[in-house]
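This report concerns only the one structure given below.
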Amino acid sequence: MAKAQARRPLLTVIGLAAAAVAVSGCRGGGDVAPVAAPDKLYDMAAQDLRSNNYRGAIQKLESLESHYPFTNAAKQGQLDLMFAYYKNKEADSAIDQADQFIRENPTHPRVDYAFYIQGLVYFESGAGWLEDVLNADVTKRPPHESQKALQAFQVLLQRYPKSPYAADARQRAIFLRNRLADYDLSVARYYMQREAYVAAVNRARSVIENYDGSPAAIEALGIMAAGYRRLEIPELAAVADQVRSANAPADDPNEGKVKDRPWWKLWN
């Protein structure tokens, strides 16, 4: 009887320990218990992607990366995961996933896709809805996301010119370049209105130097000419006028004007 009583505390401890192990094995936060084969888990995630169930795909792909990190399925899953984050409007997660893939797989044959996803996320992180809903002039907003998007697309085009994503990236890069030129032009206009002529000339010059060939460059030359005249430097004003006249379309009644256009749409 005494021996039986002495065993009870030990059995209780063993039982509690077993329960603790069982509880620790239960995962929260939507993690998917691993299946027998990583390929099966990947196929389930792919089905979710085809069904536009991006949250379900994210859960399965995160589980695939966590439980089978060194498999071919996990490597492909990393690419699909950044896409799922992007489609699920999880911009920070998509960018982080793309950054990680680029760092860990710089020679992977599909690393161009990671740069493309980066560009897309930044491209769509702007304020297009502000212009649509609030009639806001987004060319006056600092284009931080546009700069990052352009950088990602430029890397893609420079390193992987034959990428299947190159054509779309090139069109978006043209648009973004014009968007950035428009912003610098709006700053140059602001300085002219405030009679800060040196600052206006310098900002207009940056449009020409950094975004030569953009529609904003013609008006920037006009601002430079006007600024030099106000600064009483007629020689430089004449040069700016001459270059502007040589490059402005002769048959365009709105030459030198920045065309109004929704900045998030692709215009060449």
- prompt: Cross-link list Lys75/Lys162; Lys89/Lys162; Lys89/Lys148; Lys40/Lys148; Lys60/Lys87: which exceed 26 angstrom alpha carbon to alpha carbon?
  reply: Lys89/Lys162; Lys40/Lys148
query: What is the extension gain from Thr107 to Leu231, computed as 0.36 nm multiplied by their sequence separation minus the C-alpha to C-alpha distance, in nm to one decimal?
result: 39.3 nm
query: Using the beta-carbon distance between Asn52 and Asp96 and R0 = 25 Å, what value does 1/(1 + (r/R0)^6) give for FRET efficiency, to the nearest 0.05?
result: 0.65
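What is the order of Tyr86, Tyr190, Tyr116, fewest Cβ neighbours within 10 Å to most?
By the 10 Å Cβ count, ascending, the order reads Tyr190, Tyr86, Tyr116.
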- prompt: Using a simple charge model, +1 on the beta-carbon of Lys and Arg, -1 on the beta-carbon of Asp and Glu, nothing else, what dipole does segment 31-108 show about its Cα centre, in debye to the nearest 20?
  reply: 220 debye
- request: Enumerate the calculated ³J(HN,Hα) couplings along segment 166-179 in order (Karplus 6.51 cos²θ - 1.76 cosθ + 1.60, θ = phi - 60°), each rounded to whole Hz, writing x wherever the residue is Gly or Pro.
  value: 5, 4, 5, 4, 5, 5, 5, 5, 4, 4, 5, 4, 5, 4
field: Length released on extending from Asn202 to Val239, taking residue separation times 0.36 nm less the Cα-Cα span
entry: 11.8 nm
- line: Most exposed to least, judged by fewest other Cβ atoms within 10 Å, Asp212, Asp182 sort to Asp212, Asp182
query: Based on the Cβ-Cβ distance of His144 and Lys89, what FRET efficiency does E = 1/(1 + (r/R0)^6) give at R0 = 25 Å, to the nearest 0.05?
result: 0.85
message: Sort 97-110, 217-230 by the packing proxy (mean of other Cβ within 10 Å over each peptide's residues), most packed first.
response: 217-230, 97-110
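Every number here is computed from the coordinates shown, using simple stated rules; none is lab data. The model shown is predicted, which means the values in this text are computed figures rather than measured ones. Every residue, glycine among them, receives a Cβ derived from its backbone with ideal geometry; neighbour counts consider all protein chains shown.
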